[in-house]
Every structure is written in structure tokens, then in C-alpha cells.
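Here's the structure, in C-alpha cells; my notes come after.
The values are calculated or read from the model by the stated rules, or taken from the named source; none is laboratory data. Everything numeric in this text was worked out from a predicted model, so none of it was measured. Glycine gets a Cβ as well: all are built from the backbone with ideal geometry, and neighbour counts include every protein chain shown.
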Amino acid sequence: MRRWIGAVVCTVGLLPGALTAEELRLSVPEALEVSGLAQYLVPRFSLKTSVRITRVGPGEASEMQLTSGGTAVFQGPAQRWGLEHNGDPRAVRFLDWLRSDVGKRTIESFTAQDGTTYSAELTAAKVEIEVSFDGDSVRGEKLSLSLCGRCHVINESNRMNGMGSTPSFRVLRGFSDWDRRFANFHLLNPHPSFTQIDGVTDPFDPSLPPPIVPVELTVDDLEAILAYMSGVSPADLGAPLQLQ
């Protein structure tokens, strides 16, 4: 009986693929392959998770790809890099690891032979919009009320609906740089967390959904709001305080 059990164990051990997990393929662009970053990251992830990853070239069949798109994970030396995947749970695990504290430290501990380094701290792309007052001011008023009126007092028609902690449009119109503030409001907190301007802002990070219903508009919409704002009378805030 003991000999028979031993034979079964040996047979199972010889079954093709019985103890070998299917490898996950990662497509690596030439820049990251040449720098050595991909070779540096993959074995460290596999050591922690036992998920085996095989690097392949761009265009080859793969379950995940390091690209200039996808979910952003690190940047350097002159662009942002992201990971795209087909939904494989192991690929999701690799993405989560890259974005974890351990993964970030691993990325930032790498230095290429030519001195190139990468940063896991992603800075938002700052795309400024040129100021224009050529839009439809009537449409701009309607857009202001529907998009901004839930927080700001736009005019008399919603003077009881704005939030007390946010300045009214008339107060904002009194700032010397009001036009720049409005043209690039999507860069000013708290707006980046819930604002989408078609063709300007990046899509929301799936892991960080907007805290409120998103404000969605186009550049034409913003120009219409600017046109409306240009005709708003600034609020009279009185003379500046004089300190004794």
C-alpha cells in the first residue's frame, strides 16, 4: 500500500503544469526596457506574490501593457507612464502593487545606469485655457446657474441656494485676475476632484471617484460662462481694512 501511494504522489508531481502557474505577460515599451526599470520591478513583485510575469515587446500578445495611457502609476524622465490590462485578477494585483506604498518605494529606489530615476508621485497635468469673451453670454448665465449654482450664488435668481462658504460670482468678479481664475478654475481646489472639461482634463481615477455629481462641460461652455461673467457687476466690498 505504501508503494502504491508513493507512486501516485510521484505521478502527480510529473503531471504537466501541475505545480506551475501560467505566466502573466507584460508588454514593455523600449524606453522602459532599455532603462532597466521593468527588469527591476517584475522580480520584486513576483517574490512577494508568487505571480510570475514574462516581459514581452510592444505589440506582442499580453495581458497587460506599460503605456503612456492607462491608469497612471509613475512618471519620468519626461512623461507619465500607466498600466493597461485585460481585467486578469493577477494584472489587477500588479497594478495595485505598483500603486501601493511598497510599490512606490520600489519604483523610486531604482536608478538606471545613465542616472535616470522615476517618481511615483504623480503631478496633475496643468492645461491652462486661453481667456475668451466671445461666447454666448445668455447661454453662459444658464450654464453658470446649472453647473455652478449648487455652490455659488450666481445672481438674484439663486441667491438663497448657494453655499455660505463659497464666494458669489459678484465677489469673484471683483478680483483683478477674475478672468484667469475662471478660465482655469479646473486647476483650483476643490474643482479638480469633480470637474471634467472635454479634451482638457484627464479622466477620473477609477479608485478615486468624484465626491459629488461631476461638473461636465466643454471649452465652448466655459467661454460662454466667461462671456457672461465679463458683464457681471463686481460686488462693492468697501475699502480695505486699515490696521492700526
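Rundown of residues vs (1) within 17 Å of residue 233 (Cβ to Cβ); (2) modelled with pLDDT of 90 or more; (3) over 26 Å from the mean Cα position of the chain (by Cα); (4) part of a helix (DSSP H, G or I), yes/no style:
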| residue | (1), (2), (3), (4) |
| --- | --- |
| 157 | yes, yes, yes, yes |
| 160 | no, no, yes, no |
| 163 | no, no, yes, no |
| 171 | yes, yes, yes, yes |
| 180 | no, no, no, yes |
| 199 | no, no, no, no |
| 206 | no, no, no, no |
Handout entry: Checking residue 115 against (1) part of a loop (DSSP other than H, G, I, E, B); (2) at pLDDT below 90, the condition it does not meet
Key = (2)
Handout entry: Breaking point among (1) touching a Phe, Trp or Tyr at 6+ places or on another chain (Cβ under 9 Å); (2) aliphatic (A, V, I, L, M); (3) surrounded by 10 or more Cβ atoms within 10 Å (Cβ to Cβ), for residue 187
Key = (1)
Fill in the blank from the handout: Counting only residues that are out of contact with any Ser or Thr (no Cβ under 6 Å at 6 or more places or on another chain), surrounded by 14 or more Cβ atoms within 10 Å (Cβ to Cβ) and free of Cβ contacts under 8 Å to residues at least 40 places away in the same chain, region 40-57 contains a total of 3
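This table checks each residue for (1) modelled with pLDDT of 85 or more; (2) within 30 Å of residue 71 (Cα to Cα).
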site: 154; (1), (2): yes, no
site: 215; (1), (2): yes, yes
site: 233; (1), (2): yes, no
site: 240; (1), (2): no, no
